[in-house]
1. Hey, can you tell me all the residues within the stretch 163-181 that are surrounded by 22 or more Cβ atoms within 10 Å (Cβ to Cβ) and either at pLDDT 95 or above or on the phi > 0 side of the Ramachandran plot (or both)?
2. What's the number of the only condition in (1) modelled with pLDDT under 95; (2) surrounded by fewer than 15 Cβ atoms within 10 Å (Cβ to Cβ); (3) not in a loop (DSSP other than H, G, I, E, B) that residue 138 fails to meet?
3. Looking at the structure I just gave you, is residue 31 of a type in the set (A, V, I, L, M, F, W, C) and either farther than 29 Å from residue 188 by Cβ or in a loop (DSSP other than H, G, I, E, B) (or both)?
4. Being at pLDDT below 95, surrounded by fewer than 22 Cβ atoms within 10 Å (Cβ to Cβ) and within 16 Å of the chain's Cα centre (by Cα): is that true of residue 64 here?
Amino acid sequence: MHPLLNAAADLLLGSSCPGCDAPGWGICPDCRAALERAPLILGGSPPVVAACDYRPLLMRIIPRYKDDGALHLAGALGSLLALAVEVLGVEPGAALVPVPSLPSVVRSRGLDHAARLAAVAGRRTGRPVARILRRRAVGGHQRGLGRSGRAANLSGSMTARPLPGRVVLVDDVMTTGATLREATRALSAAGIPVAGIAVVARADKSRDSAAMG
């Protein structure tokens, strides 16, 4: 029955898997299976865990979610984030803190994509979500910038409200680590220890995980 429903969805609505373009609703079983591999334990200080590599599937799926309005993908991506959080092994009471986007980006997209994924991961893991990080109206888009350019663009761009206890920093994609380092700096400046970092995808395989420290 599922092949018939998938074929009908493709014919009537143009619905297809965002990972491989197979006709159907959401992420197809083959792509889901490919994404459900052992998470990547990247080490560093604080330690970083990524649920998957960005390429080849998530480089198609994540932009569909956050740039093209495919909000139904938040469940699958948030579940991957939850898996990365669980692998970190941080105490259950540690809140999930999503990395914030620029306010102009949130207005343009109509959503705070990391906060939505954090909400899903929070429900899956039974952890609270604390949106205590804020982006200042400085810096711009990271797209096209190299490692040093990203670091300079983000320097001093985040602030954090105080929160008792340790936290887990969460985001969708880690590229050079510049965004996560700035978020960690802001949390530390507010006296909040970061117990670990969980992301859905690692984009830069060549990155030295120790660079997070």
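1. Hits for the stretch 163-181 are 167, 168, 169, 170, 171, 172, 174, 177, 180.
2. (3)
3. yes
4. Considered against the rule, which asks whether it is at pLDDT below 95, surrounded by fewer than 22 Cβ atoms within 10 Å (Cβ to Cβ) and within 16 Å of the chain's Cα centre (by Cα), residue 64 comes out as yes.
The values are calculated or read from the model by the stated rules, or taken from the named source; none is laboratory data. Keep in mind the model is a prediction, meaning the values are calculated, not measured. So basically every Cβ, Gly included, is an ideal-geometry build from the backbone, and we count neighbours across all protein chains shown.
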